[in-house]
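I have placed the structure first, in the form of structure tokens, so that the comments after it can refer back to it.
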Amino acid sequence: MATAKGYAAPAASAPLAPFTFERREPNPDDVVIAIKHCGVCHSDLHMVDNGWGMSIYPIVPGHEITGVVTAVGSKVSRFKEGDRVGVGCFVDSCTTCAQRDLDREQYMPGLVLTYSGPQPGSDLPTYGGYSDHMVVKEGYVLSIPDNLALDAAAPLLCAGITLYSPLRHWNAGPGKSVAILGLGGLGHMGVKIAHAMGAEVTVLSQTLSKKDDGLRMGADHYYATNDAKTFETLAGTFDLIICAVSAGIDWGAYLNLLKVDGTMVLVGAPEEPVPLNAFALIPGRRTLAGSMIGSIKETQEMLDFCGRHDIVADIETIAIDQINEVYKRMAKSDVRYRFVIDMSTL
Ligand code: NAP
Ligand code: ZN
């Protein structure tokens, strides 16, 4: 066992504070990682507040992790000391299912979340990336392309894959009209990735205050959702809407922006239920769908795609002791566009 330093929330909605804990002794198939950077996802905030009712305390959040390998077990073949690596939202899964269906392991019942997840054979929860090091099974470690900086690449491990996966699954590309709803951490990755895939991209944001940024990231169009005219102008426009909003919205109003047979995919996970009038779906044969992160194979595919297209997050680097302040800013949509913790400040 090695002692790790981190930051944890001791109970629901309690401020994060320094926390010391033990990481397991590396097994032969484990990789030991010195964490350099960790992105701050809105899910960290939902989890610290127990907004989804599934949190196990104390919580050491963090699932957008980049760092450098410091040691590998005897059976590890893909990584060596000094490699630049990443860890995303899960660190283990149900191996029998995963062997059968490697590319959908994030939906398997045996998934072990990177933090606040129950661990088979242990009373303790998993502890995430707001910490100095991690011990992770080789199969759940990703390679970061050489041209991507470790700080700005960290958000790819959750925000990047969470948008890449549905954009691929619902065939975003040339000739497809795609709207990204909410220009936060996830949304801004969606704009960059959908643009690189060749889709026509529209941002739907609460106001026009981030319009210049959105266009710079690759959006073709940008509309404010606080303007009722937006919903008239864009009715029946999109093949695909990806909703990356962290709060409840008027779902029917957005579904009405889909073409016939269009799909709206929820990646944003508000804490309240989604109320819906059946006629928001019926007249246009529309689909309302959900999508969760991506598999390990797809996450590596996304990282390589971002490497080829030079895509990283727009980040604001913070010291770990700013984390409670940053959560307050995130709750007010005051994010441009991902906070990333410099772990040397721990
Ligand atoms: P974020 O950086 O805080 O961005 C959320 C954005 O949603 C804000 O920037 C804002 O965009 C918009 N928004 C917030 N409150 C709103 C409101 N009341 N009405 C309308 N728009 C509002 O959050 P994030 O890290 O991107 O995460 C977004 C959501 O995705 C969270 O619920 C998170 O838990 C979830 N998530 C899901 C997955 C998955 O696998 N499905 C993975 C990661 C995260 P504008 O300022 O542009 O309006
Ligand atoms: Zn996340």
Taking only pairs six or more apart or across chains, which ones have beta-carbon atoms under 6 Å, a first residue in segment 196-217 that is closer than 20 Å to K176 by Cα, and a second residue that is among the basic types (K, R)?
-> A199/K176; M217/K192
Y164 meets each of (1) buried (at least 23 other Cβ atoms within 10 Å of the Cβ); (2) more than 16 Å from ligand 1 (Cβ to nearest atom) with one exception, condition (2)
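Identify the residue in segment 70-112 that is touching a Lys or Arg at 6+ places or on another chain (Cβ under 7 Å) and without any contact (Cβ under 8 Å) to a residue 60 or more places away in the chain and, among all such residues, is farthest from ligand 2 (Cβ to nearest atom).
Taking segment 70-112 as the starting set, the residues that turn out to be touching a Lys or Arg at 6+ places or on another chain (Cβ under 7 Å) are 72, 91-92, 102-103.
Going one step further and asking which of them are without any contact (Cβ under 8 Å) to a residue 60 or more places away in the chain, we end up with 91-92.
Details: V91: 14, D92: 17 Å.
In this case the residue turns out to be D92.
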Scan L208, L204, L183 and give me the residue that is within 21 Å of the chain's Cα centre (by Cα), assigned to a loop (DSSP other than H, G, I, E, B) and either not assigned by TED's automatic domain parsing to the domain that holds Y327 or not β-branched (V, I, T) (or both).
-> L183
Identify all residues within segment 175-192 that are out of contact with any helix residue (DSSP H, G or I) (no Cβ under 8 Å at 6 or more places or on another chain) and either more than 16 Å from ligand 2 (Cβ to nearest atom) or modelled with pLDDT under 95 (or both); write none if there are none.
-> G175, K176, S177, A179
Of all the strands (runs of 3 or more DSSP E) wholly in segment 1-53, which have at least 3 residues that are of a type in the set (S, T, Y)?
-> none
Criterion violated by A253 - all others in (1) in a loop (DSSP other than H, G, I, E, B); (2) over 24 Å from K192 (Cα atoms) satisfied | (1)
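When the residues of segment 113-123 are narrowed to those that are assigned to a loop (DSSP other than H, G, I, E, B) and farther than 21 Å from P155 by Cα, which ends up nearest to ligand 2 (Cβ to nearest atom)?
So, considering only residues that are assigned to a loop (DSSP other than H, G, I, E, B) and farther than 21 Å from P155 by Cα, the one nearest to ligand 2 (Cβ to nearest atom) is Q119.
So that you can scan it fast, the table gives a plain yes or no per residue for (1) surrounded by 17 or more Cβ atoms within 10 Å (Cβ to Cβ); (2) hydrophobic (A, V, I, L, M, F, W, C); (3) over 18 Å from the mean Cα position of the chain (by Cα); (4) modelled with pLDDT under 95:
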{"position": "V87", "(1), (2), (3), (4)": "yes, yes, no, no"}
{"position": "T96", "(1), (2), (3), (4)": "no, no, yes, yes"}
{"position": "R100", "(1), (2), (3), (4)": "no, no, yes, yes"}
{"position": "E105", "(1), (2), (3), (4)": "yes, no, no, yes"}
{"position": "G110", "(1), (2), (3), (4)": "no, no, yes, yes"}
{"position": "L113", "(1), (2), (3), (4)": "yes, yes, no, no"}
{"position": "G117", "(1), (2), (3), (4)": "yes, no, no, yes"}
{"position": "S122", "(1), (2), (3), (4)": "no, no, yes, yes"}
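So for segment 142-159 (the condition being modelled with pLDDT under 95 and touching a helix residue (DSSP H, G or I) at 6+ places or on another chain (Cβ under 9 Å)), does at least one residue qualify? So that I can check it myself, show each step before the final result.
First, pick out the residues of segment 142-159 that are modelled with pLDDT under 95: none.
The answer is no; no qualifying residue exists.
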Of (1) hydrophobic (A, V, I, L, M, F, W, C); (2) away from ligand 1 (no atom under 11 Å from the Cβ); (3) in a loop (DSSP other than H, G, I, E, B); (4) under 27 Å from I161 (Cα atoms), A235 satisfies every one except (4)
Limited to segment 193-202, what total is found for residues that are surrounded by 24 or more Cβ atoms within 10 Å (Cβ to Cβ) and closer than 22 Å to E64 by Cβ?
-> 2
What residue, of E316, E271, is within 16 Å of ligand 2 (Cβ to nearest atom) and acidic (D, E)?
-> E271
Looking only at residues in segment 139-149 that are out of contact with any Gly (no Cβ under 7 Å at 6 or more places or on another chain) and under 17 Å from A34 (Cα atoms), which one is surrounded by the most Cβ atoms within 10 Å (Cβ to Cβ)?
-> V141
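The values are calculated or read from the model by the stated rules, or taken from the named source; none is laboratory data. Only a predicted model underlies this, so the values are computations on that prediction, with no experimental measurement involved. Note: ideal-geometry Cβ built from the backbone for every residue, glycine included; neighbour counts use all protein chains shown.
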